[in-house]
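Here's the structure, in structure tokens; my notes come after.
The values are calculated or read from the model by the stated rules, or taken from the named source; none is laboratory data. This is a predicted model, so every value here is computed, not measured. Virtual Cβ from ideal backbone geometry, glycine too; neighbours counted across all protein chains shown. Remember, those area values only see protein heavy atoms, side chains included, never the ligands or the DNA or RNA. Shrake-Rupley method; radii C 1.70, N 1.55, O 1.52, S 1.80 Å.
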Amino acid sequence: MRVLFAGGGTGGHINPAISIADYAAKQDKNFKALFVGTKSGLETKLVPKAGYDIEYIEIQGFDRKHIFRNFETVKKLISARRKCNKIIKEFKPDCIVCTGGYVSGPVAMASKKMKVPSLIHEQNVYPGMTVKGSANYVTYLALSFEETINHMQHKEKCVVTGNPIRSEILYSDYKKSREKLGIKKPFVLIFGGSLGADRINDTVIGMLDRISKDNKIELLFGTGDRNYDKIMNKIKESGITLSDNIKIVSYIDNMAECMAAADVVVSRAGAITVSEIAALGKPSILIPSPNVVRNHQEFENKNAAELILEKDLTSDALYDKIMSMVSDKERLKEMSENLKPLAKVDALEKIYELMIKMAKGDRK
């Protein structure tokens, strides 16, 4: 089976596509994948590293505040769609899988023009503009939440699959991961997503001195690629001396091991991250973005995570929450147990089944 993948910008769009491709490659010895992305996103690093070929198009999102800027966006969309037509014609995919980001739009549009069946996957409860706009062109709308169907026009195309979770996440091991990473103390993993989150980053900087001096936990802090230099400069300017129990990196390449080894995960409530936390049964402190809502709602209802709203986020509040959790093993165990019913671990299988249907011409 030959599959064209489109997904770009952040790790949250790219990693699911790579996970689907990896799963398909294990099922089909003749599997061939080609990715479409932009040169401004993380796909430039992640896709080649995963061993897949990638073609680039130039595309950007619509600007709701500055309408006149959208003339340029429309021009780029038309050009990108033409290039996608060419890519499809040359690659000859049996089906197309889009996992979000602006790049998915022209690829979905081209899929209908070139008469190749396609699906687009929505990670969040509320569908984004790209998914809504692509609904007219794709064969299937693969959704992570049942509730999302209520927000889609083409309900007949909707299939609830859940969020694809990387196999290395599903099969990771707490003890083995800690041994490999050399973790001896309670281990806290903090990240704001592949691009980072300024508010979380600034809050963590305010805790580093206390964590260094207390030396009670080990901390891995992922700043996001674009923020690393700025964060390290702030730390230097603040006169903070980092002890050996703190490690700061721009991007966490071995996320599966780090999440498996962690006693507490602190992150945004991104859909993929929330799904991986549930699959691992990992106690967490979620800091929902004001712009992305509801991914954390089930966790909150089931008492499966601690939440700090961004308006309440301070260095003292986060530090106190972390230390309270790592010192309460019963609470950590309870949260882990509460996560088990929320875990959906068969999304890859469900999406692959849709790919097989499309490749065989069995469509809605």
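If you go through the range 235-243 one residue at a time, do you hit one that is without any contact (Cβ under 8 Å) to a residue 12 or more places away in the chain and small (G, A, S)?
Yes; the residues of the range 235-243 include at least one that is without any contact (Cβ under 8 Å) to a residue 12 or more places away in the chain and small (G, A, S).
Please work out which residue is surrounded by the fewest Cβ atoms within 10 Å (Cβ to Cβ), limiting yourself to the range 129-156 and to residues that are within 21 Å of the chain's Cα centre (by Cα) and acidic (D, E).
E146
Show the residue pairs meeting these rules: Cβ distance below 9 Å; 6+ apart or different chains; first residue within the range 137-155 and farther than 17 Å from K350 by Cβ; second residue open to solvent by 10 Å² or more (accessible area, probe 1.4 Å) and among the aromatic types (F, W, Y).
Going by the 9 Å Cβ cut-off, the qualifying pairs are E147/Y126; H151/Y126.
Just the residues that are among the aromatic types (F, W, Y) and over 18 Å from G8 (Cβ atoms), please, taken from the range 69-115.
Within the range 69-115, just F71 meets the criteria.
Mind checking whether some residue in the range 288-304 is more than 30 Å from F5 (Cα to Cα) and of a type in the set (A, V, I, L, M, F, W, C)?
The answer is yes; a qualifying residue exists.
Of V188, V107, V160, which residue is β-branched (V, I, T), within 19 Å of V3 (Cα to Cα) and either at pLDDT below 95 or open to solvent by less than 50 Å² (accessible area, probe 1.4 Å) (or both)?
V107
Which ones in the range 304-327 are over 23 Å from the mean Cα position of the chain (by Cα) and not in a helix (DSSP H, G or I)?
Of everything in the range 304-327, those that are over 23 Å from the mean Cα position of the chain (by Cα) and not in a helix (DSSP H, G or I) turn out to be T314, S327.
M232 fails exactly one of the following numbered conditions: (1) farther than 30 Å from K26 by Cα; (2) in contact with a helix residue (DSSP H, G or I) (Cβ under 9 Å, 6 or more places away or on another chain); (3) of a type in the set (A, V, I, L, M, F, W, C). What is the number of that condition?
Here M232 meets the rest and fails (2).
Taking the range 5-40, which residues are assigned to a helix (DSSP H, G or I), open to solvent by 10 Å² or more (accessible area, probe 1.4 Å) and not hydroxyl-bearing (S, T, Y)?
G12, H13, N15, I18, D22, A25, K26, Q27
State the number of residues belonging to the range 228-242 that are open to solvent by 90 Å² or more (accessible area, probe 1.4 Å) and not in a helix (DSSP H, G or I).
The number of residues fulfilling the criteria is 1.
Among the residues of the range 249-261, are any in contact with a strand residue (DSSP E or B) (Cβ under 7 Å, 6 or more places away or on another chain), closer than 26 Å to T99 by Cα, open to solvent by less than 30 Å² (accessible area, probe 1.4 Å) and assigned to a helix (DSSP H, G or I)?
Looking through the range 249-261, at least one residue is in contact with a strand residue (DSSP E or B) (Cβ under 7 Å, 6 or more places away or on another chain), closer than 26 Å to T99 by Cα, open to solvent by less than 30 Å² (accessible area, probe 1.4 Å) and assigned to a helix (DSSP H, G or I).
Within the range 41-49, does at least one residue satisfy the condition of being surrounded by fewer than 19 Cβ atoms within 10 Å (Cβ to Cβ), under 20 Å from the mean Cα position of the chain (by Cα) and at pLDDT 95 or above?
yes
Out of all the residues in the range 334-351, which are basic (K, R) and either at pLDDT below 95 or within 16 Å of F187 (Cβ to Cβ) (or both)?
Passing the criteria: K340, K344.
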